[in-house]
């Protein structure tokens, strides 16, 4: 996918130099067109080579990102301390997104200044809404946070991290997020009717297999959705809800109620690995599930976040530790069967705000995807510090 706005910035410099050399305007225009047409970010899949199943041509709106940044003026009374806390003063990143009442609502992870590094501060989930997907109006208080409730042992004092959000056909919003108590990260579920008030259900694997995976580190869940009546809604296959989950590999789980989930196992009784990192690729270290998966006529598209290794098995086109976004296709009849996968990322860090902050190796961490006004809006975290958006007109 070409970076059209990045290319335009580069060509402005080229055009200025040509004008100073007094070339005819017609030649300038031809050179400008050819340069724009041929330029592709190194190591990123070009639009021409996209398979027909993939979601492509995501373009960052020019001069509009980041769309959400830290705000030290937002304060609320923290239930853990009883004190006023600037809950989103340090970083705002890793956003979910959903459509509600004709607007895009973005639920994002925010960190205060209570610690010195990633994972040491308290995370809470904030809410912003937008009529155009770009200009955001934010609430001053978080909507999901560690509180005096039944989830204290799982959320104090690390908090609530990395939400993925989707809506069921009955209008119930589902949030799958990470509970962090500075010991074990656990996937958890919460539901809401208005995105403001959430009912926490706790760890999603607590009941499965007599709690076999309850104390295992679990993260990053992408529930299966489809486009219906112009927006994404949670859907079933063969009578069950599905989600992809995992950080070091991609696994799957099914559910009948969206809050209690049963992981898929292989013939040996271990977690069934559906997809894993590849040597010498952008996803050589991690294949971490991104926004809700999408059922299309071609199959199930899973957008995921690939992390690059350091050392001999890395992809040397990317800095060690870089996060780029990939896509995989699973069977629409058997969601556990991988049928295709992009060889290169479709979205990589190129902007300064994607390569500075808490994670300067370079990060575009995709977590939010909505279909809105016949366009795809992809929301992502930038270097664990900001929220940005890219937009595609492609309709699968």
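Miscellaneous remarks
- Scanning region 272-285 for residues that are buried (at least 19 other Cβ atoms within 10 Å of the Cβ) and either touching a residue at least 40 places away in the same chain (Cβ under 8 Å) or over 24 Å from residue 368 (Cβ atoms) (or both) yields 274, 275, 281, 282, 283, 284.
- Selection within region 286-310 - in a loop (DSSP other than H, G, I, E, B) and surrounded by fewer than 24 Cβ atoms within 10 Å (Cβ to Cβ): 297, 298, 309, 310
- Residue within region 259-272 that is within 18 Å of residue 328 (Cα to Cα), assigned by TED's automatic domain parsing to the domain that holds residue 198 and part of a strand (DSSP E or B) present: no
- Considering each residue of region 204-213 in turn, none proves to be assigned to a strand (DSSP E or B) and either within 21 Å of the chain's Cα centre (by Cα) or within 21 Å of residue 104 (Cα to Cα) (or both).
- Residues of region 384-396 that turn out to be in contact (Cβ under 8 Å) with a residue 40 or more places away in the chain and farther than 15 Å from residue 130 by Cβ, as a count: 7
- Listed by position, the strands (runs of 3 or more DSSP E) enclosed by region 311-376 include none that has at least 1 residues that are in the same structural domain as residue 288 (by TED's automatic domain parsing), free of Cβ contacts under 8 Å to residues at least 40 places away in the same chain and buried (at least 20 other Cβ atoms within 10 Å of the Cβ).
The values are calculated or read from the model by the stated rules, or taken from the named source; none is laboratory data. Just so it is clear, the model here is predicted, and its values are computed rather than measured. FYI the Cβ positions are ideal-geometry reconstructions off the backbone, even for glycines, and counts take in every protein chain you see.
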